[in-house]
Structure formats: C-alpha cells, structure tokens
1. Which ³J(HN,Hα) values in Hz, rounded to whole numbers, follow from the phi angles of region 43-51 under the Karplus curve 6.51 cos²θ - 1.76 cosθ + 1.60, where θ = phi - 60° and Gly and Pro get x?
2. Local charge sum around Arg124 (other residues, Cβ-Cβ under 12 Å, Lys/Arg +1, Asp/Glu -1)?
3. Calculate one ³J(HN,Hα) per residue across region 108-120 by plugging θ = phi - 60° into the Karplus curve 6.51 cos²θ - 1.76 cosθ + 1.60, and present them in order as whole Hz with x for glycine and proline.
4. Which one of Leu67, Val104, Ile11 is farthest out on the positive end of the charge dipole of region 6-125, using unit charges on Cβ (Lys, Arg +1; Asp, Glu -1) and the Cα centre as origin?
5. With only Lys, Arg, Asp and Glu charged, each at its Cβ (+1 for the first two, -1 for the last two), find how big the charge dipole of region 6-125 is about the Cα centre; round to the nearest 20 debye.
6. Report the gain in length on full extension from Ala17 to Ala81: 0.36 nm times residue separation, minus Cα-Cα distance, nm rounded to one decimal.
7. Give the long-range amide H neighbours of Glu69: residues separated by 5 or more places, or on another chain, with amide H under 5 Å away, using H modelled in the peptide plane at 1.01 Å from N.
8. Using the Karplus equation 6.51 cos²θ - 1.76 cosθ + 1.60 (θ = phi - 60°), what ³J(HN,Hα) coupling, rounded to whole Hz, does each residue of region 18-31 give in order, writing x for Gly and Pro?
Amino acid sequence: MIETGMVLGVISIESSARAPEVARKWVSALYQRRCLGDDYVARTVVTELVTNVHKHTDTKRVSVRLLLEEGLRVEVEDRSAVLPVVQAWDDTAESGRGLLMLGVLVQEWGVRPLADGGKVTWARLGG
C-alpha cells in the first residue's frame, strides 16, 4: 500500500529539446512499476511543464517529482524566476495553449517560488 504524502519518484534531467520525452518516458515507467493505472494525464502534464521550462527559461536542469497527496501531484522544479503565463485563446496561434489545456486536465495547478531562487510548478491530478 502507498502512503499519502509519499514521494513516488524523482528525476533530474538536463533542460533540452529531449527533456520532455525523457520525463514522459520516466513517468510512464514509474506508473507501470507502481501499478498506478492510466498514465495519459500525468504524461501530458509532465510534457507541458517540462517543455515550458525548456522553451521559456535559461535553466540548465529540471527536476520532476511525483507524489501521492490527495491524488497524484506532479511537480516540476527549475532554477528560473520566469513564471508560466496562461495565454489568451487565439485560434490562429501555433502554440500557447498548453496551460489552458492543463487547466482542463487537472484538478488544480499552480506555482510555488523557492526561497533560494527558482520555482516549482505543480499540478494535482484526480484520484
């Protein structure tokens, strides 16, 4: 049995164009190893959050944590002070819809600044 508040896994990866894929595969393997069921939402959330770090900050590494806390909680930590910004809906835009999508897929999400710089962007999945 998995206890509430338990860290299910942590990975630290280089922030690069490959980082979203690496994080997504790690989440999938963790779900399978822990018998957590369908990993679609967790993979999608991790992909979006890690992609945002790579595209919109100059941080060199990103950490991903999965915790069991009133459902599953995904946390993505980076050393940048740049906060995620929800873009207004634009039917002609080629990007910028990720955080809008995230808001539909998860129960809640937010950003927590870190005392020593950087931030944690988190999302609470159902369950």
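Here, each number is a calculation from the coordinates, and none is a lab measurement. The model shown is predicted, which means the values in this text are computed figures rather than measured ones. Note that each Cβ is placed from the backbone with ideal geometry, even for glycine, and that neighbours are counted across all protein chains shown.
1. 5, 5, 5, 4, 4, 5, 5, 5, 4
2. Summing Lys/Arg as +1 and Asp/Glu as -1 gives -3.
3. For region 108-120, the Karplus-derived couplings read 6, 8, x, 10, 10, x, 9, 4, 9, x, x, 7, 10 Hz, x marking Gly and Pro.
4. Towards the positive end, the residue furthest out is Ile11.
5. 400
6. Additional length available on full extension: 21.0 nm.
7. Hits under the 5 Å cutoff: Gly5.
8. 7, 4, x, 5, 4, 5, 4, 5, 5, 4, 4, 5, 5, 4
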